[in-house]
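Every number in this text was worked out from the coordinates using simple rules, so none of it is lab data. None of the values given here were measured: they were computed from a predicted structure. Here the Cβ positions follow ideal geometry from the backbone for every residue, glycine too, while neighbour counts run over all protein chains shown.
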Amino acid sequence: MNRQPNDFARPSVARVFDHLLGGSDNYAADRALAQRLAQIAPELPDMIRINADHGPRAVATLASDLGIRQYLDLGCGLPAGLYGHRTPHEVARAVHGTARVVYVDSDPVVYGHANMVLAEEPGTAALRADIREMDALLGAPAVRALNRSEPIGVLLHDVLLWVTDDEALTVLETLRAWLPAGSAISLTHATADAAPQMMRDLTSCYAEAGITYRPRSRHHIRALLDPWAPTPPGIVPIPQWRAAEHLRHLPATGHAHAHAAVVRERTRAPDEPRGAGTERSQPAAP
Ligand SMILES: C[S@@+](CC[C@H](N)C(=O)[O-])C[C@H]1O[C@@H](n2cnc3c(N)ncnc32)[C@H](O)[C@@H]1O
């Protein structure tokens, strides 16, 4: 995809978040929207940092507990190193020295950064692609280079909420059909469960800027992930996910306004067709 002249006149999620995290990869339109959002939700920078803190913990779990050595990071955002976080390939390689990661984002600035940062990192690749066009995304050479005879970990961290319900469902259905056995999907997703009015106001503010923002209830997130089964502790607020004591940025309210989960295909009997699981998923978290 080529950069369009008006790419920077409209706010982009990656650059709005960059501004809220104190970064410098943003433009006037991004900063203006960030300021309006922060007036509605003063805890927004903390919410973003909680999500960013979660990424390395999720990858460490996929690499250590599930033995996953290759990753597809969808909606990867600007490189985590800009904000003092370890990148997915650094975390995965601490467990598996040759782990591979394909970083995917639709934003031209994110792609440019990723491409530059990853140029000297063998086994990594950057791809500019849109999750609303999954066939093109999965057909790109960087993704096709992943080894589909072994499990792949897909990171869907804070990305599905930027697409409509139908688009989110298509993303997950396409991934479930494409992923090899033993794969896992790690998800974080904003929710309105704890503060419905604040999230409605954020949604309206994003909409005025032409950006789809779709926080979803835990029940809705569960429906999107079904029939794959959440691994313990299930679908829970990010601070309740595993080893959450390492989170550095809990807001005073203690709520991240986002859920986290890792899901895998349910265990099947040898003669059962794919998708017909026998294992019960985790009970609902409070
Ligand atoms: C909030 S950031 C999340 C970054 C990172 N995954 C994390 O958890 O910190 C959302 C990212 O998703 C990207 N994004 C939004 N919609 C997208 C789409 N339809 N296809 C691909 N990337 C998208 C944005 O450009 C942005 O970089």
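Summary table below
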{"read-out": "Residue among Leu37, Leu20, Leu33 that alone is more than 17 Å from the chain's Cα centre (by Cα), more than 23 Å from Leu146 (Cβ to Cβ) and within 11 Å of the ligand (Cβ to nearest atom)", "value": "Leu20"}
{"read-out": "Hits in the stretch 88-145 (condition: away from the ligand (no atom under 15 Å from the Cβ), in a loop (DSSP other than H, G, I, E, B) and among the aliphatic types (A, V, I, L, M))", "value": "Ala99, Ala119, Ala145"}
{"read-out": "Any hit, the stretch 173-186, residues being touching a strand residue (DSSP E or B) at 6+ places or on another chain (Cβ under 9 Å) and closer than 27 Å to Arg10 by Cα", "value": "no"}
{"read-out": "Verdict on Arg57 being more than 9 Å from the ligand (Cβ to nearest atom), crowded, with 21+ Cβ neighbours inside 10 Å, of a type outside the set (A, V, I, L, M, F, W, C) and within 19 Å of the chain's Cα centre (by Cα)", "value": "no"}
{"read-out": "Tabulated pairs, the stretch 188-205, first among the charged types (D, E, K, R), second more than 16 Å from the ligand (Cβ to nearest atom) and assigned to a helix (DSSP H, G or I), C-beta under 7 angstrom, 6+ apart or interchain", "value": "Asp193/Arg218; Asp201/Ile40"}
{"read-out": "Those residues of the stretch 140-168 which are closer than 23 Å to Phe17 by Cβ and polar (S, T, N, Q), in sequence order", "value": "Thr164"}
